[in-house]
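Q: What follows is a single structure, and I will ask about it in a moment.
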Amino acid sequence: MNVALHLLRSARRLPGQPAVIERDRVEHTYDALARRVLALAGALQSRLGVAPGERVGLLMRNCAAYVELLYACWAAGATAIPINVKLHPKEVAFILDDAQARVCFVTDDVAAGEVDAARAGGATTFIDVDGAEYGALLHAAPVPLAEVTPDDVAWLFYTSGTTGRPKGVMLTHRNLLAMTLNYLADVDAAAPGEHLLHAAPMSHGSGLYILPNVAAGATQLVPASRGFDVAEIDEILALVPRVKCFAAPTMVMRLVDGIKGDARGLKHIVYGGGPMYVADCLRALDRLGPRLTQIYGQGESPMTITVLPAAEHIDDHDGRRLQRLASVGRAQTGVQLAVLGEDDQPLACGEIGEVCVRGDVVMRGYLNNPEATAKTLANGWLHTGDLGHLDEQGYLTLVDRSKDLIISGGSNIYPREVEEVLLRHPAVREAAVIGLPDADWGEIAVAVVVAYAPPPPEAELDALCLQHIARFKRPKRYVFVDELPKNAAGKVLKRELRQRLLG
Ligand code: AMP
């Protein structure tokens, strides 16, 4: 089944319902959106010569055209490559070359010339979605939905590269359908009249959530800032009913610190993509009310491994609320989850191993990279590279990515555990714990801290650690910085931090 069918169904069921709103600029009903999509699909095929299976770049800031171009690619049987606009032109050039994309849609704020100059070979046609050429494409003759197989690639998702060169994750129509069903079953029973606010990049999680919300007939809402602006979100919450959004934990915390009005217009925030520390989560629940749902996923199993529903953030009937908040919840309905040892055999509850996943949501593989595909999909499991443990009730707690584990004097230190403790100090805003080489210990734990002014005395942080974790896990050094290096998706780049401190 072609995932674009959901759009046509919603257009038949709810033709006059707003499908996409770009604040202060554009508003399309479902009927209008479906017409635009089928015309654009026709233009892709007949005017731009995009054949079924060909890959089309979307190097765009959040905008209404994002929604129609995703669906137009699928309607034409093509593969969309959403690319984060914050990437360096060289990284974008790498992606366009790797995917052999001849056509790439851009917003007017993207320096397409710079990207083209960085490309190794071949030329891409860049089309500005705010320009006249794009307007003309909308007048092409519409085409019927292309026939696709479940294994045809719909979305080529480039990993955010926290641990190396980006890899093109091939997400098929089957994968996206599975993601859609899991979302509607476990994360959010979406409905017409609700607004999915795209404050996070549509090239990643926020964009993936377009699909279930189109299937359900909800409205996509693109802020005028086209990104994350706390004051604007405050304003939107006062004006627009039933708003929901996907946000990285750091965004949630900026909202908690920044919004002035109440959060009653908020249906919920789905957060994930990085660790949410318990101290932060409690503060967020205090400010926003029971409106937080956590998901854990990765590009290779998009947005869909576990879920911690809003109610389970509050429930303390068994006195285990804080443990639940430290977890990422339980497997989503269509996901088989296991924590495996080095021999790929399941470990007992409480033992730490690699988080592995099976199900229709798991990617087909990496484009042009059979070695990485074979390694990651070995023995029928997706190996996530995340370390964690399960409890008897099926709650998964992540400890860290295997590459971030610190081994000091032969003992394992999981940075996340130390970061959780440091964040309890009221003067600590962000913390990242990394391992650095040491002649005596092999590695030592170093805490890199962003503090609210003034920074806390190291002795206080040390005392806090002694109070909560084993002595050997205490950071042996503290470094105070103004900000942590993050990638385009907002994840802390521990590799870069390590290099900086070594250099
Ligand atoms: P990406 O493929 O860029 O979306 O990155 C996925 C990675 O982000 C996962 O493999 C985890 O390491 C991390 N991640 C995602 N969701 C969570 C979460 N809820 N808590 C902690 N880490 C997460």
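The values are calculated or read from the model by the stated rules, or taken from the named source; none is laboratory data. What you see is a predicted model; the values in this text were computed from it and never measured. Cβ placement follows ideal geometry from the backbone for every residue including glycine, while neighbour counts extend to all protein chains displayed. Calculation scope for accessible area: heavy atoms of the full protein, side chains included, ligands and nucleic acids excluded. Shrake-Rupley method; radii C 1.70, N 1.55, O 1.52, S 1.80 Å.
Q: Restricting the first residue to the range 365-387 and requiring it to be more than 25 Å from residue 96 (Cα to Cα) and small (Gly, Ala, Ser), which pairs with a second residue that is open to solvent by 30 Å² or more (accessible area, probe 1.4 Å) and within 12 Å of the ligand (Cβ to nearest atom) meet a Cβ separation below 6 Å and a spacing of at least six or different chains?
A: Listed by first residue and then by second, the contacts come to 385/401; 385/402.
Q: Determine whether residue 246 is under 20 Å from residue 61 (Cα atoms), away from the ligand (no atom under 16 Å from the Cβ) and among the aromatic types (Phe, Trp, Tyr).
A: In short, no.
Q: If only one of 218, 231, 238 is more than 16 Å from the ligand (Cβ to nearest atom) and open to solvent by less than 10 Å² (accessible area, probe 1.4 Å), which one is it?
A: So the residue among 218, 231, 238 that is more than 16 Å from the ligand (Cβ to nearest atom) and open to solvent by less than 10 Å² (accessible area, probe 1.4 Å) is 218.
Q: Here is a follow-up. Does residue 186 qualify as being assigned by TED's automatic domain parsing to the domain that holds residue 89 and among the acidic types (Asp, Glu)?
A: So residue 186 fails the test.
Q: If you take the residues of the range 486-500 that are within 16 Å of the ligand (Cβ to nearest atom) and more than 13 Å from residue 433 (Cα to Cα), which of them is farthest from the chain's Cα centre (by Cα)?
A: Taking the candidates together, the pick is 486.
Q: Let me ask something additional. Do we have residue 273 as without any contact (Cβ under 8 Å) to a residue 60 or more places away in the chain and of a type in the set (Gly, Ala, Ser) here?
A: no
Q: Identify, by number, the condition in (1) surrounded by fewer than 23 Cβ atoms within 10 Å (Cβ to Cβ); (2) in contact with a Leu (Cβ under 7 Å, 6 or more places away or on another chain); (3) over 23 Å from residue 313 (Cα atoms); (4) modelled with pLDDT of 95 or more that residue 173 doesn't meet.
A: Here residue 173 meets the rest and fails (2).
Q: Sort through 47, 12 and tell me the only one that's over 20 Å from residue 207 (Cβ atoms), open to solvent by 30 Å² or more (accessible area, probe 1.4 Å) and without any contact (Cβ under 8 Å) to a residue 12 or more places away in the chain.
A: 12
Q: On the given criteria, is residue 22 among the acidic types (Asp, Glu), within 30 Å of residue 228 (Cα to Cα) and under 29 Å from the mean Cα position of the chain (by Cα)?
A: Yes; evaluated as a whole, the condition is true for this residue.
Q: Report those helices (runs of 4 or more DSSP H) wholly inside the range 148-235 carrying at least 2 residues which are polar (S, T, N, Q) and touching a residue at least 12 places away in the same chain (Cβ under 8 Å).
A: Output list reads 173-182.
Q: Looking at the range 90-109, is at least one residue touching a helix residue (DSSP H, G or I) at 6+ places or on another chain (Cβ under 8 Å), open to solvent by 20 Å² or more (accessible area, probe 1.4 Å) and farther than 26 Å from residue 67 by Cβ?
A: Yes, the range 90-109 contains a residue that is touching a helix residue (DSSP H, G or I) at 6+ places or on another chain (Cβ under 8 Å), open to solvent by 20 Å² or more (accessible area, probe 1.4 Å) and farther than 26 Å from residue 67 by Cβ.
Q: Here's something else I'd like to know. For the range 118-147, give me each residue that is of a type in the set (Gly, Ala, Ser) and outside any loop (DSSP other than H, G, I, E, B).
A: If the condition is that a residue be of a type in the set (Gly, Ala, Ser) and outside any loop (DSSP other than H, G, I, E, B), then 118, 132, 135, 136 are the ones that fit.
Q: Out of the residues in the range 455-503 that are in contact (Cβ under 8 Å) with a residue 24 or more places away in the chain and among the acidic types (Asp, Glu), state the one that is surrounded by the fewest Cβ atoms within 10 Å (Cβ to Cβ).
A: 482
Q: Can I ask one more? Out of 380, 388, which single residue is under 21 Å from residue 296 (Cβ atoms), away from the ligand (no atom under 16 Å from the Cβ) and either open to solvent by less than 30 Å² (accessible area, probe 1.4 Å) or not basic (Lys, Arg) (or both)?
A: Answer to the check: 380.
Q: Can you tell me how many residues within the range 327-361 are within 16 Å of the ligand (Cβ to nearest atom), among the aliphatic types (A, V, I, L, M) and part of a loop (DSSP other than H, G, I, E, B)?
A: Final tally of qualifying residues: 4.
Q: Where residues in the range 391-404 are more than 21 Å from residue 433 (Cβ to Cβ) and open to solvent by 20 Å² or more (accessible area, probe 1.4 Å), which of them is farthest from the ligand (Cβ to nearest atom)?
A: Restricting to residues being more than 21 Å from residue 433 (Cβ to Cβ) and open to solvent by 20 Å² or more (accessible area, probe 1.4 Å), the top hit is 392.
Q: Hey, another quick one. Limited to the range 428-454, what total is found for residues that are in a loop (DSSP other than H, G, I, E, B), surrounded by fewer than 18 Cβ atoms within 10 Å (Cβ to Cβ) and more than 28 Å from the chain's Cα centre (by Cα)?
A: Within the range 428-454, residues that are in a loop (DSSP other than H, G, I, E, B), surrounded by fewer than 18 Cβ atoms within 10 Å (Cβ to Cβ) and more than 28 Å from the chain's Cα centre (by Cα) number 4.
Q: Another question, then. Checking residue 424 against (1) farther than 30 Å from residue 201 by Cα; (2) not aliphatic (A, V, I, L, M); (3) not in a strand (DSSP E or B): exactly one of these is not met. Which one?
A: That leaves (1) as the condition not met.
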